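Worksheet for the structure shown next.
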Amino acid sequence: MVIDQIKTKEAHHNGIVYPSDKVMLDLRDLKKVYPTPKGDYVVLEHLNLQILKEEFVTIIGHSGCGKTTMLSMIAGLNPISAGKIAVLGNPIKGPGPDRGVIFQSPSLMPWMTALQNVLLGVNRVFPHASKSQRKDIAKYYLQKVGLEGAFHKKATELSQGMQQRVGIARAFAIKPKVLLLDEPFGMLDSLTRGELQDILIEIWNKEKITAVMITHDVDEAIFLADRVVMMTSGPRAKIGDVLPIDFKRPRTRKSVLEHEDYYKYRKHLIDFLEH
Amino acid sequence: MKQSVTVSKTADLKVSSALKILVSRLNIKAPKFNPNTIFKKVVVPILSILLFIGLWHVGARSLYNIEADFKIEKALADQGQAAADSMAACIASGDISCQPNTLPSPAQVWDSFNTLIADHQVISADKLAFKDKTAALNEKRIAEGKDPITYTGRPSFVDQIFTSLKTVFAGFLLAFMIAVPIGIVIGLSQTLRNSFNWLIQVFKPVSPVVWLLLVFMIVKTMTKDSNQDSAFIISFISVGLCAMWATLVNTAMGVSSVDKDYINVAKVLKLKPLQKVFKVILPSSLPLIFTGLRITLSVAWMVLIAIELLAQSPGLGSFVWEEFQNGANDSNSKIIVAMFVIGIIGFLLDRIMLTIQNMVSFNKNAAT
């Protein structure tokens, strides 16, 4: 595990030690305040989190604790009240394609086909590629998510699960440095959710894009993550606990479920959430 | 479908497939012979139409009788028994000169409709003859640099319909060209929306008549030098100004209320402003823009009649007004014919707009 190898070296934040050149995403003393007529409402305070390159982190916490607020701040869609967010050491300035987002609802443009939806981002990120090259990139990722036959289907003609597959393809196709996933499977039935988790992890194993994913599902959190980050309940939410998951990759659902540590991890998370 | 097509086979195929597409676009379903649906979709509407005509007939009849009795009584009071008897005989004989003037019966309206069509045929034949007669002369006049002689006879009812359609489309186009761009611009900016809001709220409820007067004031001065007829210009501008508000408000609302998810996607992808407008904002607000345009077209058609009537511009409105002033024996039934024609054309225009709306809309369940 990367974390173990580097634990002995320098830098020291919030009890976790990393050398800075391994850090992809750095949240320092992050604070979010919403002004209300009754005074300021502090959603997040003193939030510190470092996420390494090629790491998959899942974030778990009670509803309304500020997980989504944090994620949209990383995406640049929500302004930062205090503190800083840096990608590879560079503080972020608003949203940008270096941080791809998979939203909770698929958020596809319903008047476009699956391919056009993916191309929307690809055209923007690879403006110098030829038209057919860009099309190939979009088609490649759509194939990866299992939508070979649906390139030219309108978004409205696809099921919710298929739409979210397009969402995954769209996010990976722009080759972001960080992938932000806001409960992407929350609206799906459990069967489709399992399928999409497999697809996500399969692509991720290939691309190794640093990923931060919010979830409510303890099993999903363990199955996908290198570390599970637990957030305390708001207001003034911060990181409560971090649980490293030491399963080898590539993982299969079966191997994870049969692993002797699985129930230990599960208990840890549930104890935290019920606390 | 193929009956009308008698050309070669390939053309036949082309036309029939085009028709098929058109038919499918218009949502006309091939009738399924299910007795229940036939009853609901065909028998019930026909029955209701018959009932309507029946009630109308009965109502018109009783109004006729009231009017006739009144006429006879009046003759009795003014001129005595003999005059009353001759009045009663005159009414019973169906003589045009003494018919009571009241709500016409369905049969009278149907007769007037046929009269108007026959009149149209006479006038068109007359026009054609005029054109033939003056063709040679006009060529000579054009060669000499003079204006050609044009037909200046009375327009027929059908001509009036087309004049009205022309005016309404000109007005609609004007409304479209003003309201959509302005709507997009003010939809994009909260500040502009706030600063335009008072103007929209104040001018939206202004009556067509007042718009007409305003346009009249301006156009009259602007066209002082030219000797062309300004009635058409005045009426189509007034129609456009009255009708554009629905489109303006809907466009601004559509543009400003684009789903936040789409905006977030555009932000994450860092689309350039113009790309954002054309790839995300406009397509997503198209359904609302078209709802606005549909309202605009029906408002335009509705106010057109009143405006033509006041602006002395030729068309259905002035037809109705002239018939009312005319007071001829069949004027009332001609007015009712015009009423039905206006209603049916309004309905058809709305259907056309709905079809276009459904074609451009990604949301397939637009209101009907």
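Observations, loosely collected:
- Above 36 Å, the calculated P(r) of chain B contains 47 percent of its Cα-Cα pairs.
- Each of A:A129 and B:K260 was given a label point 7 Å from its Cα along the Cα-to-Cβ line. The distance between the two points is 3.2 nm.
- Longest segment of chain A lacking GluC sites (Glu not before Pro) that sit in a DSSP loop with at most 12 other Cβ atoms within 10 Å: A:11-259
- Shown for B:I218, B:I335, B:I305, A:I60: other C-beta atoms within 10 Å of each C-beta, ranked fewest to most, produce the order B:I218, B:I335, B:I305, A:I60.
- Shown here for the range B:108-205: trypsin sites (Lys or Arg not before Pro) in loop regions (DSSP other than H, G, I, E, B) with at most 14 other Cβ atoms within 10 Å, namely B:K146.
- Pairs exceeding a 18 Å alpha-carbon distance, out of A:K22/A:K93; A:K131/B:K267; A:K22/A:K208; A:K93/B:K267; A:K208/A:K248; A:K135/A:K206: A:K22/A:K93; A:K131/B:K267; A:K135/A:K206.
- Shielding by partners for peptide B:279-291, expressed as the average number of C-beta atoms from other protein chains within 10 Å of each residue's C-beta, is 2.
- The distance between label points at A:N48 and B:L165 comes to 7.7 nm (points 7 Å beyond Cα on the Cα→Cβ vector).
- Computed over the range B:157-360, Kirkwood Rh from alpha-carbon pairs, angstrom: 18.5
- Partner chain coverage, peptide A:103-110 - average Cβ within 10 angstrom: 5
- If R0 is 30 Å, the Cβ-Cβ spacing of B:I49 and B:L213 corresponds to a FRET efficiency of close to 0.15.
- Pairs of alpha carbons in the range B:31-99 whose separation is greater than 14 Å (percent): 70
- For chain A, relative contact order (Cα pairs under 8 Å, six or more residues apart, normalised by length) works out to 24 percent.
- Alpha-carbon gyration tensor eigenvalues x 5, square-rooted, for the protein assembly as shown, Å: 73, 28, 27
- Inter-chain Cβ neighbour count for A:55-62, averaged per residue, equals 0 (cutoff 10 Å, partner chain atoms only).
- Angle between chain B longest axis and helix B:9-25 axis [Cα atoms, degrees, rounded to 10]: 80
- Pairs of Cα atoms nearer than 8 Å and 6+ residues apart set the relative contact order; for the range B:186-282 it is 34 percent.
- Ranking of B:K220, A:K254 by count of other Cβ atoms within 10 Å, fewest first: A:K254, B:K220
- Full-extension gain in nm, A:I270 to A:E207, via 0.36 nm per residue minus C-alpha separation: 19.6 nm
- DSSP beta bridge pairing in the protein assembly as shown, given as percent antiparallel to the nearest 5: 55
Every number in this text was worked out from the coordinates using simple rules, so none of it is lab data. Everything numeric here is computed off the predicted structure, so don't read it as measured data. Note: ideal-geometry Cβ built from the backbone for every residue, glycine included; neighbour counts use all protein chains shown.
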